[in-house]
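Asks: Quick one: the structure is below, and I'll ask about it shortly.
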Amino acid sequence: MVESLLCDAKTCVYNAARKCTAPTINIVGGTTKNGSDTYCATFTEDRDQVFSDKSTMIGDLEVSSFDDAPSVSCNAVNCTYNDNNKCYAAGVKILGPKDTAIGSTECQTFRPE
Ligand code: SF4
Ligand code: SF4
């Protein structure tokens, strides 16, 4: 079970001060042996800017007190941390420097078996 997750995809609707507020996420990678081929399929661009400033609050949620990490499903079967399409890394980091499309995110924690 993933205990912490940090994500740089700041334009994702679920991103609040680099924490992921989605209850579950889905990472896609298939049979890749390279983390750059993985991406977060749960990424959803916050086009409508529903929450204009998510650095401290997201809706009624105080970001500083939010410590949950999502349950992570993942089909990158060649990753060390993948067991039966679930992620068992203690901490996961998602990259998203050009984060306006799903495919530009990446699981940096991917480690080939
Ligand atoms: S890109 Fe994925 S991990 Fe990052 S905040 Fe969005 S749903 Fe969560
Ligand atoms: S660390 Fe591995 S198993 Fe976990 S989400 Fe990333 S690619 Fe998938």
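FYI, it's all coordinate maths here, none of it is from the lab. Worth saying up front: this structure is predicted, and the values here are computed from it rather than measured. Virtual Cβ from ideal backbone geometry, glycine too; neighbours counted across all protein chains shown.
Asks: Multiply the residue separation of Met1 and Thr24 by 0.36 nm, subtract the distance between their alpha-carbon atoms, and state the gained length in nm to one decimal.
Replies: Extending this stretch completely gives an extra 7.1 nm.
Asks: With just the Cα atoms defining each centre, how far is segment 1-55 from segment 62-113? Give it in Å.
Replies: 8 Å
Asks: How many nm is it between the label spots at Ser64 and Thr31, if each spot is 7 Å from the Cα in line with the beta carbon?
Replies: 5.0 nm
Asks: Provide the percentage of antiparallel DSSP beta bridges, counting only those with both residues in the chain; round to the nearest 5.
Replies: Close to 65 percent.
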